[in-house]
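First comes the structure, then the notes that go with it.
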Number of protein chains: 2
Amino acid sequence: MEIKKTHNIGTLGPAMKGQKVVVGGWVEDLRELGKLSFITLRDVTGVSQIVVAGSENLSQVKDLTKQSVVLVTGAVQESKARDFSFEIKAEKIEILSRAVHPLPIDPLGRLESGIDNRLNARALDLRNQKTASIFKIRHHVLLCIRKMLSESGFLEVNTPKIIGSASEGGANLFSLKYFDKQAYLAQSPQLYKEQLTLGLERIFEISSFYRAEKSHTVRHLTEFTSVDIESAFMDYTDVMEILEQLVVSVFDHVEKNCTEDIKNLGIEIKKPQAPFERVTYKQAIEELGKQGLSLAFGDDLLDSHLRTLGEIHPGFYFLTDWPLKLKPFYIHEKEDDPVVSKSFDLQYGYLELSSGGRRLHDPAKIKARLEEQGLDSAQFEDHLKAFDWGMPPHSGWGLGLDRLMAVLTQIDNVREVVLYPRDPERLFP
Amino acid sequence: MEIKKTHNIGTLGPAMKGQKVVVGGWVEDLRELGKLSFITLRDVTGVSQIVVAGSENLSQVKDLTKQSVVLVTGAVQESKARDFSFEIKAEKIEILSRAVHPLPIDPLGRLESGIDNRLNARALDLRNQKTASIFKIRHHVLLCIRKMLSESGFLEVNTPKIIGSASEGGANLFSLKYFDKQAYLAQSPQLYKEQLTLGLERIFEISSFYRAEKSHTVRHLTEFTSVDIESAFMDYTDVMEILEQLVVSVFDHVEKNCTEDIKNLGIEIKKPQAPFERVTYKQAIEELGKQGLSLAFGDDLLDSHLRTLGEIHPGFYFLTDWPLKLKPFYIHEKEDDPVVSKSFDLQYGYLELSSGGRRLHDPAKIKARLEEQGLDSAQFEDHLKAFDWGMPPHSGWGLGLDRLMAVLTQIDNVREVVLYPRDPERLFP
């Protein structure tokens, strides 16, 4: 059985008239018309019409089901069909794989399927051009982020996901048996990336992390992809600038490189302008006060508050200078106002995309903060050691890639932009 | 406290004579010489000499420990020192972070430390230029692999690491409690990447995977980085060609882009020539027979056999066409000799770097193979469903990135090329 194509469909065109090609893909449509049959054949790069004539070929495709996989040898010719500028006149058709009907979902999307049905048949769902476009865009987003950070002098690293002690307080960790020891799945590379600034200065990681949280929202997953950076010799405002440049680059790159996918999704890329608006926590609670939502300094912002702020600031904006006591132990205070922290969240309307800040690099201060927060500094011994080896001042952030993808593609549910999402109810496929 | 540099040391040179700069880094050495002190200051990009004069600056650096972090403001000037073509005359020195002595290891490597001590102080170990160079090279290897695969039409994907059923037989899986369910950590993206060829055709993933194996060798880790590809419409020989091109590209890229790091490691990049030698399993057992190691068709090759073969074939070579019964259930048989499989390992001498092959795409055949191997096809139900939706013929491989890094850097122990390696004994830091 021959299985190899000579061409991707997307590389063909009417200029190649007369050229013999071997193309492969799946049958999107099949119509009989007198002594001819017409196959709409799609591969990941494009779509073409296949003209089938002759008794042998016609009998081959007689019982062919849609979504089956075929290999077609034939010559390119001009097409009179409305939807095609060229077509392929089949000389030989080989059926490589038959789709068994009924299929669980209609990948053409003519019959709409709920997200659960689509996720249960995710591989087939990828034959829906809208779905495929999301993941083609995701590929480009990853490419663009890595390029931009590499060009800014950041080194890509791989930190462990199996960790021996509960970092960042230990809530919502998945635990596992590691031979005769207890281990956990990392929620973030936070402690490792801070340590790594000691010798590598600027590092980034893009990886899956894990949160055992029973959230049932459209923006929480138990396994999510995080983009993390950490940089020595930078303050929080410096890494905020890198973050906004990165977001703008991503929108720009996708707008330029994913024209077809943007069209498939029926969206327009709304490229944001840098600098993004900076709103301090104090300004935010004033704004909320004017809306009748009275908050005192130190109160956390609830979902409802963020929704109101999101209406006031509908695009990307930074929410900065949070009360220190609301922030993790490793966040640095403002030198001139130590109840305030050098911290920020990147918001898109009500949605938090990223969180970051200047980190403490003085181990005495970190120990004091751990105690204040009721955490056992003995649990952080391995981490704290590194701060005695000449730890540079450093700042960083973590960015939720899935949420960024949701904003970029204008899709509400993060499950749409993750191939096989995991939430408290979903562990399959 | 000022923490920002204007320049990385690597960007300075004698041509910048007279220019005022702010540099930051760690004190590699400190010498007093009459009314002057000399600091050897290193950052991740390079090393410079700092000349300290004046009573205030001298008193600042009087008790300065090596490996402490300082920020230096000063002017570039020519240097008379043997090791430096330029130096910086300090106007101001700020001590950002003091290293507390004694340090657990000497990052200059003058006092050699065992690997366990170095891994326990990994962040500090990265100030050893040899260690830093390994991870700068690793960054470049990742960059090069992603570039090459993207340019070959492969889309980067992220598959789940928390999986609901034990794939590939279920041995050596870490298990975890997933709310009220049982889950496992993925050993490979095998089943997902096969499914994804259905709609995306060519995909790759670079991610951490997990194996709960009590191996105590220099080449096994419980958490390892794997590069995986899968492609529709390709046979095993096609993906072998992609793999050898990728390996050659990596060596070539590192040779061209990591000159300084190669020098630090004291190695020469031994760029291999494609095509790599192809040795079939049958040839291999013949070769072993001539060495007095008698094997029958179907016998697995033990470590000792691979070591002998590695002496006969000391560089990169493919070991192909293994007996089908030695291979996982998803591997395709050879059409003209069905006890033989369309499979290969990429070896470097005795070391297996990659394993791959043509996959079965006919669900009936897969079910038969599962039964033959004593596996319960009900456990693979979610996976097998996808094969009824028009599964294209496909092939792929998984490549152990850490092992490739070990070969490239000519280092025996994979722990050296992983920042925070995990093995049955090591879960910290």
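The values are calculated or read from the model by the stated rules, or taken from the named source; none is laboratory data. As the structure is a prediction and not an experimental result, all values here were calculated from the model. Neighbour counts run over all protein chains shown; Cβ positions are idealised from the backbone, glycine included.
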Please enumerate the residues belonging to region A:388-398 that are away from chain B (no Cβ under 14 Å) and crowded, with 23+ Cβ neighbours inside 10 Å.
A:Trp397
In region B:127-149, residue farthest from A:Arg146 (Cα to Cα) [restricted to those that are more than 10 Å from every other protein chain (Cβ to nearest Cβ) and in contact with a strand residue (DSSP E or B) (Cβ under 8 Å, 6 or more places away or on another chain)]
B:Leu149
Within region A:5-26, can you find the residues that are closer than 12 Å to A:Leu71 by Cα and in contact (Cβ under 8 Å) with a residue 60 or more places away in the chain?
A:Lys5, A:Val21, A:Val23, A:Gly24, A:Trp26
Given the conditions (1) more than 30 Å from B:Ile411 (Cβ to Cβ); (2) touching a Pro at 6+ places or on another chain (Cβ under 6 Å), and given that B:Val69 satisfies all but one, which numbered condition is not satisfied?
(1)
Candidates B:Leu155, B:Leu124 - the one that is in contact with a Phe, Trp or Tyr (Cβ under 9 Å, 6 or more places away or on another chain), free of Cβ contacts under 8 Å to residues at least 60 places away in the same chain, at the interface with chain A (Cβ under 7 Å from one of its Cβ atoms) and under 21 Å from B:Leu41 (Cα atoms):
B:Leu124
Matching entry among B:Ser85, B:Ser79 (being closer than 29 Å to A:Ser150 by Cα and assigned by TED's automatic domain parsing to the domain that holds B:Gln67):
B:Ser85
Only one of (1) in contact with a Leu (Cβ under 8 Å, 6 or more places away or on another chain); (2) modelled with pLDDT of 95 or more; (3) farther than 30 Å from B:Arg146 by Cβ; (4) within 14 Å of chain A (Cβ to nearest Cβ) does not apply to B:Val340, and that is (4)
The lone exception for B:Asp382 - which of (1) over 19 Å from the mean Cα position of the chain (by Cα); (2) within 14 Å of another protein chain (Cβ to nearest Cβ); (3) crowded, with 21+ Cβ neighbours inside 10 Å; (4) in contact (Cβ under 8 Å) with a residue 60 or more places away in the chain it fails
(3)
Of all residues making up region A:95-121, the number that are within 10 Å of chain B (Cβ to nearest Cβ) and in a loop (DSSP other than H, G, I, E, B)
8
Hey, does region B:399-410 have a residue that's touching a Phe, Trp or Tyr at 6+ places or on another chain (Cβ under 7 Å), among the aliphatic types (A, V, I, L, M) and farther than 22 Å from B:Pro189 by Cβ?
yes
Do the conditions hold for B:Leu200, that is, is it modelled with pLDDT of 95 or more, closer than 21 Å to A:Leu119 by Cβ and facing chain A (nearest Cβ under 7 Å)?
yes
Which count do you get for residues in region A:376-398 that are part of a strand (DSSP E or B) and touching a helix residue (DSSP H, G or I) at 6+ places or on another chain (Cβ under 7 Å)?
5
Could you tell me how many of the residues in region A:149-163 are outside any strand (DSSP E or B) and out of contact with any Lys or Arg (no Cβ under 7 Å at 6 or more places or on another chain)?
7
Confirm whether A:Leu143 is crowded, with 20+ Cβ neighbours inside 10 Å, closer than 27 Å to B:Leu155 by Cβ, of a type in the set (A, V, I, L, M) and in the same structural domain as A:Ser207 (by TED's automatic domain parsing).
no
From the list A:Thr259, A:Thr225, A:Thr237, pick out the single residue that is closer than 21 Å to A:Tyr348 by Cα, of a type outside the set (D, E, K, R) and free of Cβ contacts under 8 Å to residues at least 24 places away in the same chain.
A:Thr237
Would you confirm whether or not region B:168-187 contains a residue that is more than 9 Å from chain A (Cβ to nearest Cβ), at negative phi and in contact (Cβ under 8 Å) with a residue 40 or more places away in the chain?
no
As an exercise: evaluate A:Val417 against (1) surrounded by fewer than 22 Cβ atoms within 10 Å (Cβ to Cβ); (2) modelled with pLDDT of 95 or more and give the number of the one condition it does not meet.
(1)
Of all residues in region A:203-246, count the ones that are in contact with a Leu (Cβ under 7 Å, 6 or more places away or on another chain) and among the basic types (Lys, Arg).
1
Subset of region A:298-348 [of a type in the set (Lys, Arg) and in contact with a strand residue (DSSP E or B) (Cβ under 7 Å, 6 or more places away or on another chain)]:
A:Lys327, A:Lys334, A:Lys342
Filtering region A:1-40 down to residues that are within 15 Å of A:Ser79 (Cβ to Cβ) and within 12 Å of chain B (Cβ to nearest Cβ), which residue is farthest from the chain's Cα centre (by Cα)?
A:Val23
When region B:227-255 is examined, which residues are found to be assigned to a strand (DSSP E or B) and away from chain A (no Cβ under 11 Å)?
B:Val227, B:Asp228, B:Ile229, B:Glu230
Looking only at region A:125-167, count how many residues are within 18 Å of A:Gly398 (Cβ to Cβ) and either modelled with pLDDT under 95 or of a type in the set (S, T, N, Q) (or both).
5
How about region A:351-377: which of its residues are of a type outside the set (Ser, Thr, Tyr) and either under 15 Å from A:Pro189 (Cα atoms) or within 13 Å of another protein chain (Cβ to nearest Cβ) (or both)?
A:Gly356, A:Gly357, A:Arg358, A:Arg359, A:Leu360, A:His361, A:Asp362, A:Pro363, A:Ala364, A:Lys365, A:Ile366
Those residues of region B:68-94 which are within 14 Å of chain A (Cβ to nearest Cβ) and among the small types (Gly, Ala, Ser), in sequence order
B:Ser68
List the strands (runs of 3 or more DSSP E) that sit entirely inside region A:175-216 and contain at least 2 residues that are in contact with a Pro (Cβ under 8 Å, 6 or more places away or on another chain).
A:202-210
